[in-house]
Amino acid sequence: MPGAKKRFVIIGGGPGGTSCATHAARLGAEVTLIEKDLIGGAAHLLDCIPSKAMIATGGAMSMMKGAEEMGLAKVDVQLDFDALRDRIVSIEDQLEASVTSLLGSQGVELIEGTGRLTGPNTVVAQPNDESKEPIELEADVIVLSTGSRPRIPDWAPIDGERVLTTRHAYPPPELPQHLIVIGSGVTGVEFVHMFNSFGSEVTLIVSRQQVLPGKDPEVAAALEQSFLDRGVRLFMGARAESIDVNGAEVTVRCDDGRTAVGSHALLAIGSIPNSENLGLDEAGIEHEWGYVTVDHNNRSNVPHIYAAGDLSGKLPLSSVATTQGRKIAQHAMGMHVGPHRHLDYDKAASAIFTDPEIADVGLAEADAFSEGRKIRVTKVPFSVSAKALINNDSRGFVKIVSDPATGVVLGGSIVGRHAAELISVLALAVTAGLTVTDLVESLFVHPALAEVLGEAAE
Ligand SMILES: Cc1cc2nc3c(=O)[nH]c(=O)nc-3n(C[C@H](O)[C@H](O)[C@H](O)COP(=O)(O)OP(=O)(O)OC[C@H]3O[C@@H](n4cnc5c(N)ncnc54)[C@H](O)[C@@H]3O)c2cc1C
């Protein structure tokens, strides 16, 4: 019918689904979003936001413990677990309300229920209120953004009390006296930092010879040293293979014969996609290990069915899910189809909210060497910064990787306070193809930590 609105049905209300919904609606589509749990998805309610809220509380505690060094009288700081729980619930409620209101203001129809494909153009939504009949929906465009959940191996007796996944930890039932964290990727090390700052004893089981596998070894070494300085026990090169719970005691056994005994264990060993019972096969969608196979436009082999966020098997970050959602809306509505608009995952900035904070973007020094690529690497410590002295925190450094022939900024790593904010400057430089000279000639604020970026670019 000429002039008819395009009908979008989106399954999953995390950052991928909600970003797609609002953009598609703004572009004139008729949009229905199906979410079975809470609007905002795991990102807002189970993963990124509550973890960062708890880390911020731990950071405030650490700052107060260092009050004397800032010229203040000594302060006695205690964690109030109930107040912390209330704070997290309040942040989650505010975020859920703001996303729900944004969707409403764009005219997105919301169905509280579980969605499933029944064919290439049809979706059925089973409302959470089971007394209601399933709703059959027809769509011109279908977007799948059902996210992922923690991977649980069969040797881990997860009970949500003593043996936890990330989903039980915001906050956990009680403050662990001694937490054993299994897995030293981004999530694992953030938990180590968080609970260590709350005063728990922490042991980290690291399956390789460095924490943060795949990250710049110098960056990983800085974090390992900070953990050791803070009394964290590191089991390097050890794989956990069993967990036993005996009353209040949890024992984790590793493949090299070592055992760690604590009060709680937390598994952070990756995630799996939420795609079973989604009807991928009924709609003829290709998938691998449960992740939907997508092209540069996040389109599956069925041209009007897209996948966003963790389900697309690309880069599992909330920021990436949001951008994919927007780009899908634009592509499906006929905009921005040129290759220059494709998402370049190699240029995505990411951060690890430990202490010191870690962030990186683009080409890493170690990857350039292993690819035999010629690069120029410059590194400046924060100890040269007046602002770092003012902050009473001179730890860390800025490292910039550039092309020696052209000066174009190819990547960078930052270890230190506010690294997650500062990396945005390098992310912009990498995305826009700026040169080190552009950074050197920028007039940064003084005194500010960003000045170190200019110095590292020289
Ligand atoms: C501990 C932790 C910390 C993290 N911290 C960060 C961070 O600091 N920064 C960052 O960028 N990323 C972070 N991430 C990653 C981030 O959480 C994910 O990449 C992001 O949530 C992916 O968004 P999504 O839209 O794909 O899925 P989700 O946020 O998982 O949302 C999917 C939604 O789909 C719903 N759903 C599933 N199946 C159905 C169905 N059949 N019908 C209806 N609804 C359904 C779910 O209920 C859920 O609400 C973190 C992850 C973890 C585990």
Using every Cα-Cα pair within the chain, state what percent have a distance larger than 31 Å.
49
Global geometry of region 194-235, whether rounded, prolate or oblate, following the gyration tensor of its Cα atoms and the 1.5 cut on a/c
prolate
When a footprinting reagent is the concern and you count Cβ atoms within 10 Å, what order do Phe81, Phe353 take, fewest first?
Phe81, Phe353
So, by mean Cβ neighbours within 10 angstrom, what's the order for 112-124, 151-163, 306-318, 384-396 with the highest one leading?
306-318, 112-124, 384-396, 151-163
Taking the Cα centre as origin and putting +1 on Lys and Arg beta-carbons and -1 on Asp and Glu beta-carbons, what dipole magnitude results for region 292-413, to the nearest 20 debye?
300
With a Förster radius of 25 Å, plug the Cβ-Cβ distance of Glu371 and Tyr345 into 1/(1 + (r/R0)^6) and report the FRET value to the nearest 0.05.
0.90
Between Rg and the Kirkwood Rh of region 24-99, both from Cα atoms, what is the Rg to Rh ratio?
1.22
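Which of Tyr345, Tyr291 has the fewest other C-beta atoms within 10 Å, and how do the rest follow up to the most? Walk me through the numbers before you get to the answer.
Numbers: Tyr345 11, Tyr291 17.
With the sparsest Cβ surroundings first, the list reads Tyr345, Tyr291.
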Would you calculate the volume per residue, in Å³, of the smallest convex hull containing every Cα atom of region 356-457?
80
Rounded to whole Å, give me the distance from the Cα center of region 416-446 to that of region 135-180.
36
Restrict the search to region 332-389; then list the GluC sites (Glu not before Pro) that DSSP places in a loop and that have at most 12 other Cβ atoms within 10 Å of their Cβ.
Glu371
Cα-based Rg/(2.2 N^0.38 Å) for region 124-260, rounded to two decimals, is 1.36
Considering the dipole of the chain built from charges on the beta carbon (Lys and Arg +1, Asp and Glu -1) around the Cα centre, which of Val320, Ala67, His331 is farthest to its positive end?
His331
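Where the convex hull is taken over the Cα atoms of region 252-296, what is its projected area averaged over directions, in nm²?
The number I arrive at for region 252-296 is 5.9 nm².
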From the residues Val408, His446, Ala366, which one has its Cα farthest along the dipole of region 356-457 in the positive direction, the dipole being from +1 and -1 charges on Cβ of Lys/Arg and Asp/Glu about the Cα centre?
Ala366
If each residue's Cβ is checked for other Cβ atoms within 10 Å, how do Leu426, Leu45 rank with the fewest at the top?
Leu45, Leu426
Listed residues Ser394, His418, Ile375: farthest to the positive end of the dipole of region 356-457 (Cβ charges):
Ser394
Along the principal axes of its C-alpha atoms, what lengths does region 266-349 span, in descending order and rounded to whole Å?
41, 35, 15
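No lab work stands behind these numbers, since they all come straight from the coordinates. This one's a predicted model, so the numbers in the text were calculated from it and none came from an experiment. We place every Cβ from the backbone using ideal geometry, glycine too, and count neighbours over all the protein chains shown.
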